[in-house]
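Shown next, in structure tokens, is the structure this report addresses.
The values are calculated or read from the model by the stated rules, or taken from the named source; none is laboratory data. These numbers were taken from a predicted model, which means no experiment stands behind them. Positions of Cβ are generated from backbone atoms using ideal geometry, with glycine treated the same way; all protein chains shown enter the neighbour counts. Side chains are part of the model used for accessible areas, which takes the heavy atoms of the whole protein and leaves out ligands, DNA and RNA. Shrake-Rupley method; radii C 1.70, N 1.55, O 1.52, S 1.80 Å.
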Amino acid sequence: MDHSSRSTSAVHRFRTSETRQPLHPREKLLLWIAGANLVFLPWALGGMPRWAQWTSFALSALAFIVAVLPRTYQEALTAGASFRLFPFPKLLRFPFFWLGLIYFAVIAIQMLNPAWTYVTNGRSWWVQSLDHIAWLPHGVANMPFRPMNAWRTLLIHGSVWLLVCALWIGLTRRRSARLLLYTIALNGVALAVVAILQRLTGARELLWFWSPGTNYFVASFIYKNHAGAFLLLIVALLLGFAWWHTDRAAARMRRSHPGMVFLFLSLLALGALLFSYALATTALGVALCIILGLIYLVRSAFRAQGGPPRIVSLLTGLLCAGFLALCAYSLNIERVWRTFERLSKEDYNVSVVHRQLAAHATFDMGRDSLWFGHGLGGFRYVFPWYQQHYPEIYRDHRKRRLYWEHTHNDYAEFFAEAGAVGLTLLGAGMIVLIVGTRRSGLFATAAYPVMLGGPLVVAVYAAVDFPTHNPAVLGTGAAILVLVFRWSVLERQSRLRVKT
């Protein structure tokens, strides 16, 4: 038996006795670093300021370094024996590592082959076309780091990529994945509590001490729709934990379990989502809760035995309904309804028609550079060339030129910036995830798909807004994906070892 075989065998014995083995010090350090990153991002104004993005990148890079370093384990089963675990080969087998490298290589070529240049006279700005190699990816030169350019896009996306790779190769225990998911969930609950307190106190400043210059803030998020997307992730994650604890209690014939606490916390997060006044995310969140609730009721009705008594479940349901009614009364549900009515009727032109026209103009932009797009981070600078062909979104009723930072359709904007190659890489990532569900045991436990419902709903929402341009939403959603998959893989491996 060679060294690698001995290491693999040792790892299997080590994981089999997971409950008797403490976490490796480097795995603990990885949990602290990754947890700090995931807690920091939503509170740092959603990760939108430059200082927050640099801090997140530094934490992700540090987590990656810790994750890739070899580890020495002392086995409890064989006194005095030890083995070395080398995570780097696992990184080379991780598809998203290679997809990320290709993606960043495309961005680098875009930066080195500009087809446009940003020009300003101090009062206004515009872009001019440049000679470039037409068959290579191209971008925009001299873009300011603030508000956005290719380097800043690389900073945000690189941070998420490093964190995802670190979590995949660095976590060897189911408990580690659960701890980070608990951290994300409880951090989201804290943010939801702040959001509700803001509504109760009629706060005019973000976190009661800073004015972002807009009334669209929720908790620590500058933009309410970004807060809504983040709360969607938290609601689904909390419901997933409630489901997981309920199933585990049923399997172990326990009468009580923490699942009811997580159910209550999910309703708290849903209440914060409702009073964020974010129309689309609220509708998606309510729909998700209704669908999952109906599935759970049908499933519970046919449950043979185990779990809490049905009377306890009924009383818990009534308590949750009473809590939502109290929130509706305390926070003035009529105001929410009036806000939704205004958004759906009075602002129809702005919120629906204009966004549809902007999406059409963005697809026009993408078709002009079909394969590689116009460069990451360059949308807001090149878009006016195509925006002018749609007068309704080019100037307002006062003849002032309208400025679009994003097109309110992340897929259309990504196509315009990265072209068909970028969409192919995105599609390849989706295929890897779908194929991975067969080998990960993701559907062995209903709680895993429930937890992934948050990222899935946000992906749907990205077709009508730009949630993935918020680092907190993008980073948290990606972390939930990789943590749930990693948890399910380790769970499946544990079950297979028990069977054999």
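Among the trypsin sites (Lys or Arg not before Pro) in segment 344-430, those placed in a DSSP loop whose Cβ has at most 12 other Cβ atoms within 10 Å are 345, 398, 399, 400. Look at the Cα gyration tensor of segment 148-243: its axes a ≥ b ≥ c give a/c of at least 1.5 with a/b at or below b/c, and that counts as oblate. Here the gap between residue 439 and residue 193, fully extended at 0.36 nm per residue and compared with their Cα-Cα distance, gives a gain of 84.7 nm.
What is the extension gain from residue 204 to residue 112, computed as 0.36 nm multiplied by their sequence separation minus the C-alpha to C-alpha distance, in nm to one decimal?
Working: separation 92, 0.36 × 92 = 33.12 nm, distance 4.48 nm.
Gain on stretching residue 204 to residue 112: 28.6 nm.
Between residue 394 and residue 50, residue separation times 0.36 nm minus the direct Cα-Cα distance comes to 120.9 nm.
Which loop-located trypsin sites (Lys or Arg not before Pro) does segment 167-218 contain, where loop means any DSSP state but H, G, I, E or B and the Cβ has at most 14 other Cβ atoms within 10 Å? Don't skip to the end; give the middle numbers.
On the way: sites: 173, 174, 175, 178, 199, 204; in loops: 173, 204.
Counting only loop positions with at most 14 other Cβ atoms within 10 Å, the trypsin sites (Lys or Arg not before Pro) in segment 167-218 are 204.
Place a label point 7 angstrom from the Cα of residue 151 along the Cα-to-Cβ direction, then list the residues of segment 112-129 whose backbone nitrogen is under 18 Å away. What the label zone holds, given the 18 Å backbone N cut-off, is 112-120.
Rolled with a 1.4 Å probe across the full set of protein chains, the surface gives residue 148 an accessible area near 30 Å². Placing a pseudo-label 7 Å from each Cα along the Cα-to-Cβ vector at residue 58 and residue 251 gives an inter-label distance of 4.2 nm.
Using unit Cβ charges (K, R positive; D, E negative) and no other charged atoms, how large, in debye to the nearest 20, is the dipole of segment 86-204 about its Cα centre? Walk me through the numbers on the way to the answer.
Details: 11 positive and 1 negative charges, 146 e Å.
Using only the charged Cβ atoms, the result is roughly 700 debye.
With kT/(6 pi eta Rh) evaluated at 4 °C and eta = 1.567 mPa s, and Rh the Kirkwood radius from Cα pairs, segment 84-164 diffuses with a coefficient of 88 µm²/s according to Stokes-Einstein. Loop-resident chymotrypsin sites (Phe, Trp or Tyr not before Pro) (DSSP state other than H, G, I, E or B) in segment 156-240 with no more than 13 further Cβ atoms inside 10 Å of their Cβ: 208, 209.
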